[in-house]
Amino acid sequence: MNSTSLPAPLVIEDDSAAGVRRARDIARLFAENLEPAPNPDTADSLALVVSELTTNALRHGGGHYTLELSADPDGVSITVSDPSPALPREREPDLNGGTGGFGWHMIRSLARSVTITPGPEYGKTIHALLPR
């Protein structure tokens, strides 16, 4: 792929905990195959944001998600849709009990922008854009 061509979007659907690991691995592979290659920090951030968004979709979003990865010269896009209309919420991270609360904070701090769009019939789509 030369610097003027863009990769085709990659779409994955899953409803399993093993799918989160697979989605993270695919995100890393997606980043490795971009030309020009993104900043190494972007590749790590991409895998982390994909992992957090897909985990949240499984835990809080109805147990099923669709992940789409795409890139343009300026950034890498992560789009996760799930069947729940409930919006992500900020919560105090649990430092002692291990119940989480870190994911949404990390997603928002790593991404250049995060938008949430209600689905036309049900559910929602979360779009995160990372700098390339």
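Just so it is clear, none of the values below were taken in a lab; they were calculated from the coordinates. Quantities reported herein were computed from a predicted structural model and do not represent experimental measurements.
For the reader, a short list of remarks on this structure follows.
- Taking amide H positions as modeled 1.01 Å from N, with prolines and chain starts lacking one, the residues under 5 Å from K124 and 5 or more places away or on another chain are D82, S84, G119.
- Across the chain, counting alpha-carbon atoms alone, Rg and Dmax equal 14.5, 48 Å.
- Cα gyration tensor shape of segment 49-118, rounded if a/c is under 1.5, else prolate or oblate by comparing a/b with b/c: oblate
- Amide H partners (placed H, <5 Å) of V76, local residues excluded: L130, R132
- For the options I78, I12, I107, a Gaussian network treatment of the chain with springs between C-alpha atoms closer than 10 Å singles out I12 as fluctuating the most.
- Counting only alpha carbon atoms, the long axis of helix 17-32 and the longest principal axis of the chain meet at about 20°.
- Relative contact order of segment 10-131: 25 percent, from C-alpha pairs under 8 Å at least 6 residues apart in sequence.
- The phi torsions of segment 103-112, fed into the Karplus equation with coefficients 6.51, -1.76 and 1.60 and a -60° offset, translate into couplings of x, 5, 4, 5, 4, 5, 7, 7, 8, 5 Hz, rounded to whole numbers, with Gly and Pro shown as x.
- Derived scalar couplings between HN and Hα for segment 120-132 equal x, 10, 7, x, 8, 10, 10, 10, 10, 10, 10, x, 7 Hz in order, rounded to whole Hz, by the Karplus curve 6.51 cos²θ - 1.76 cosθ + 1.60 (θ = phi - 60°), x for Gly and Pro.
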